[in-house]
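> Submitted below is the structure of interest, expressed as structure tokens.
The values are calculated or read from the model by the stated rules, or taken from the named source; none is laboratory data. Bear in mind the structure is a predicted one, so any value in this text is a computation, not a measurement. Every residue, glycine as well, gets a Cβ built from its backbone with ideal geometry; the counts of neighbours run over all protein chains shown.
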Amino acid sequence: MRKLKPYYILNLPSLFFVFIIGTYLILFAIKTSIFDYKTGEFILFSNILRLAKDNYFLSSLNTTVIYVVITVLTTIVIGLSIAEFLHYFVQNSKLRSFITLLLIFPLATAPVAVGVMGRLIFTPEYGIMNVILQQLKVINEEIKWFSEPLTALTAVIFMDLWEWTPYVTLVAFAGLQSIPKEVYEAAQLDGASKIKTFQYIDLQYLKPLIFLLLIFRTADEFKIFDIIMVMTKGGPGFSTETLAVYLYRVSFKYFDLSYGALLALLIMVVMMVVSSVLNKLLWKEVIQPFR
Amino acid sequence: MSLKKLIPNMIVYLILLLIIMWLIFPYYWMIVVALKSAWELYIYPPAPYPQSPTLENFIRFLSSNGTIYILNSLTICGGAILCTLLLTIPAAYGLTRYVISEKFYKNILSYYLSLRFLPPIAIAIPLFGLIRVVGLYDSIFSLILSYTLFNLPLAIWLLSSYLLELPRDVEEASLLDGLTRFKAFFKILLPMFYPQLISTILLLFIFSWNEFLFALIFTATLKSQTIPIAAWNLVTQFKIDWQSMAAVGIITSLVPAILFLLLQKYAIRGLTFGIVK
């Protein structure tokens, strides 16, 4: 037998750790979705039938897609705008580092705490949001944020944007600062307008970063659980219930682990395909250019 | 200053002020609620600042079970970080300090990156089965295990991205002089590497400290519940105690916020899997 290379051996513990647990998890999910977790009954067909007619699943998928599209696009647009604003209009380095410092806070905050803030801000009895909006004369009567689907979703998205926009800003700002000064000087000599400079310099340099942000942000928002659980628990009704919240409800509130395992398996398979594509794209578009 | 310059300047400062207010506002309100005394809760509309600031809400939480949650959190974070590092430092070293094929390097890293895209809930359901089987339900080890699993990809990516940047020549020379790899790691690499290592540790700590989903599913009692669960327990009470909730929210976010300030320079890198330098 050929001697194993040392770097190979060094990688074995972590590979084994992930591989063994991963294999167990997949086998468990397969077994549990075929045979009932508690009774051991054969349940696969009824599980599949249930999935075919599962309106809650479809509605949570729908909510997730809406949520992901809104939050990903908004965080990227606003985050990028703030980064451009800092890049062009705030030259004072102390001011810059102060803002960067503030931008870091939302990122460090536990999502549960972000949810707590959301509750404190939007709750009708005690929230400050209604007071502010009334002072600004935007509304006359107070809004019961968590009683209506649309306002509940707005409140959750508001907190999500608060947490994640700074992430985009920080990454984009770091990217903007790495653009060499000479590039801008050359553009100025050529008489390029501000819009052209943005289009041909900033966006070109930021392209791989925006791509990275799109992928990471989408993956993160797709997982959204904590903020929604703390703020609305998926309510009112099931209107803010995302995929993760729905899977939690099925598996750990109704304790229907078999059906939950089938859904989990479905997500795993889909994500395996998706992430193999994303992986290829990431290497080509983002990781290679940065090496 | 001329008027022509003054107006654009004022607009810039106005926008800056709005950004700053937006960033601070949720924190501000949480702190205000936590500092208010009990009687202030019944005033409507709520005042924008505490009229008689008090620490009683913090003391109430800490003197009931608060310290137990914090201790659990600290133990779990410490355990998970230790396990993660034991697994990932050799791996990252192997990936970066040897002449290896590009394909091997890429395949391994891609393998870990795909874990990053998996929603934790999809893992949590079968992991719950595993934890039940090995009898770790409601034990801190269930969370040490799951946090190790979940932090592993990030740790390997970050550590190898840092290691790739550190020069190899001194180390190689000392290897030629007969130093073992093991000794060379501690004597030559580690002294260059420790700032990045510490920043990685801090990041792993923050993610473990903030984690909610696994903690919610795998724990049931004070034996193993962590600080985000303490906040959750207050949220789900029938009559919500807003002020305790705010106080716990602050305690939850204070620790990671302070740590993040320490790793500022490495923050963006850590949050992008080491890709953005």
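> Which numbered condition in (1) within 28 Å of A:Ile76 (Cβ to Cβ); (2) surrounded by fewer than 19 Cβ atoms within 10 Å (Cβ to Cβ); (3) aliphatic (A, V, I, L, M) is the only one that A:Val131 fails?
In the conditions (1) within 28 Å of A:Ile76 (Cβ to Cβ); (2) surrounded by fewer than 19 Cβ atoms within 10 Å (Cβ to Cβ); (3) aliphatic (A, V, I, L, M), A:Val131 misses (1) alone.
> Filter the range A:1-23 for residues that are facing chain B (nearest Cβ under 7 Å) and within 27 Å of the chain's Cα centre (by Cα); which is surrounded by the most Cβ atoms within 10 Å (Cβ to Cβ)?
A:Ser14
> Shifting gears a bit: Counting only residues that are touching a residue at least 60 places away in the same chain (Cβ under 8 Å) and away from every other protein chain (no Cβ under 13 Å), give me the helices (runs of 4 or more DSSP H) lying completely in the range A:40-159 with at least 2 of them.
A:44-52, A:55-89
> Away from chain A (no Cβ under 12 Å) and of a type in the set (Val, Ile, Thr) - does that describe any residue in the range B:183-195?
yes
> In the range B:228-251, how many are part of a helix (DSSP H, G or I) and either farther than 13 Å from A:Ala110 by Cβ or at pLDDT below 90 (or both)?
The number of residues fulfilling the criteria is 9.
> Answer with yes or no whether B:Ala92 is in contact (Cβ under 8 Å) with a residue 24 or more places away in the chain, in contact with a Phe, Trp or Tyr (Cβ under 6 Å, 6 or more places away or on another chain) and either of a type in the set (Asp, Glu) or buried (at least 16 other Cβ atoms within 10 Å of the Cβ) (or both).
So B:Ala92 fails the test.
> Out of all the residues in the range A:18-34, is one or more over 30 Å from B:Leu263 (Cβ atoms) and touching a strand residue (DSSP E or B) at 6+ places or on another chain (Cβ under 9 Å)?
Checked against the condition, which is being over 30 Å from B:Leu263 (Cβ atoms) and touching a strand residue (DSSP E or B) at 6+ places or on another chain (Cβ under 9 Å), the range A:18-34 yields at least one hit.
> Let me confirm something: among A:Leu44, A:Leu58, A:Leu101, which residue is modelled with pLDDT of 90 or more and either surrounded by fewer than 17 Cβ atoms within 10 Å (Cβ to Cβ) or over 27 Å from the mean Cα position of the chain (by Cα) (or both)?
Checking each option against the conditions leaves just A:Leu58.
> Only one of A:Ile201, A:Ile195, A:Ile179, A:Ile215 is within 21 Å of the chain's Cα centre (by Cα), at pLDDT below 95 and on the phi < 0 side of the Ramachandran plot. Can you tell me which?
Going through A:Ile201, A:Ile195, A:Ile179, A:Ile215 in turn, just one is within 21 Å of the chain's Cα centre (by Cα), at pLDDT below 95 and on the phi < 0 side of the Ramachandran plot: A:Ile215.
> Further, regarding this structure: Which of the residues that make up the range A:96-146 are of a type in the set (S, T, N, Q) and more than 23 Å from B:Lys36 (Cβ to Cβ)?
Those that are of a type in the set (S, T, N, Q) and more than 23 Å from B:Lys36 (Cβ to Cβ): A:Ser97, A:Thr100, A:Asn140.
> Would you confirm, using the coordinates I've provided, whether B:Val32 is within 14 Å of another protein chain (Cβ to nearest Cβ), within 30 Å of A:Glu84 (Cβ to Cβ) and surrounded by 13 or more Cβ atoms within 10 Å (Cβ to Cβ)?
For B:Val32, the condition - within 14 Å of another protein chain (Cβ to nearest Cβ), within 30 Å of A:Glu84 (Cβ to Cβ) and surrounded by 13 or more Cβ atoms within 10 Å (Cβ to Cβ) - is not met.
> Right, here's the next one. Criterion first (crowded, with 18+ Cβ neighbours inside 10 Å, not small (Gly, Ala, Ser) and not in a helix (DSSP H, G or I)) does A:Glu221 satisfy it?
When the stated conditions are applied, A:Glu221 does not pass them.
> Right, another one. Tell me the residue from B:Ser160, B:Ser114 that is within 23 Å of the chain's Cα centre (by Cα), under 20 Å from A:Met272 (Cβ atoms) and within 11 Å of another protein chain (Cβ to nearest Cβ), please.
B:Ser114
> Checking the condition closer than 30 Å to A:Ser258 by Cβ and basic (Lys, Arg), which residue from B:Arg181, B:Arg168, B:Arg132 passes?
B:Arg132 is the lone residue from the list that is closer than 30 Å to A:Ser258 by Cβ and basic (Lys, Arg).
> Still on this structure: Let me confirm something: among B:Leu130, B:Leu35, which residue is modelled with pLDDT of 90 or more and closer than 30 Å to A:Gln134 by Cβ?
That would be B:Leu35, the only listed residue that is modelled with pLDDT of 90 or more and closer than 30 Å to A:Gln134 by Cβ.
> Mind checking which residues of the range B:130-156 are surrounded by fewer than 21 Cβ atoms within 10 Å (Cβ to Cβ) and not aliphatic (A, V, I, L, M)?
Matches in the range B:130-156: B:Arg132, B:Gly135, B:Tyr137, B:Asp138, B:Ser139, B:Phe141.
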